[in-house]
1. Please identify which residues in region 10-24 have an amide N closer than 17 Å to a label point set 7 Å out from the Cα of Ile71, following the Cα→Cβ vector.
2. I'd like the Karplus ³J(HN,Hα) series for region 4-18: coefficients 6.51, -1.76, 1.60, θ = phi - 60°, whole numbers in Hz, and an x wherever there's a Gly or Pro.
3. So which residue, out of Pro62, Pro70, Pro38, gets the largest mean-square fluctuation from a GNM of the chain using Cα contacts under 10 Å as springs?
4. Go through region 11-62 and name the trypsin sites (Lys or Arg not before Pro) that are in a DSSP coil and have 13 or fewer other Cβ atoms within 10 Å of their Cβ.
5. Computed FRET efficiency, Cβ-Cβ of Phe33 and Met1, R0 30 Å: what is it to the nearest 0.05?
6. Put +1 on the Cβ of every Lys and Arg and -1 on every Asp and Glu Cβ in region 1-82; which of Pro30, Ile10, Tyr72 then has its Cα farthest towards the positive end of the dipole?
7. Using a Gaussian network for the chain with springs between C-alpha atoms less than 10 Å apart, which of these wobbles most: Gly50, Gly37, Gly28?
8. Kindly work out what percent of the DSSP beta bridges joining two residues of region 3-89 are antiparallel, to the nearest 5.
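What follows draws every value from the coordinates through simple rules; no lab data is involved. This structure is a prediction, so every number in the text was calculated from the model and none was measured. Reconstructed Cβ throughout: ideal geometry from the backbone, glycine too, with neighbour counts over all protein chains shown.
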Amino acid sequence: MLESRIEKKIVKALREQGFESVKVGKTGWPDRFVIIGPGQHIWLEVKQPGGSLTPAQKRKIPWMKDLGEPIYVVESVEEALAIAERHWRLL
């Protein structure tokens, strides 16, 4: 399945669970900024199964993680929802 289709399904599923996400669309940045709750967020980079990060993502994502940003590379709706719900429960 194409990354764009997976991402579309993830966005719909997140919204159905009460989470909102914003498409970033800037080279090297994760695909989605997901608002979990008051002052809480995660970043999701969507890949098709077996997909890999671009060279720009391989530079940007570790830098963001070093700053404490919660970033996850996901390949499915189920994986994205599990991560969002885990963070929500920590609130």
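1. Within reach of a label on Ile71: 22-24.
2. 4, 5, 4, 4, 4, 5, 5, 4, 4, 5, 4, 4, 4, 8, x
3. The residue with the greatest mean-square fluctuation here is Pro38.
4. Those satisfying the criteria are Lys26.
5. Efficiency, from the Cβ-Cβ distance: 0.85.
6. Working it through, the farthest residue towards the positive pole turns out to be Pro30.
7. Gly50
8. 70 percent
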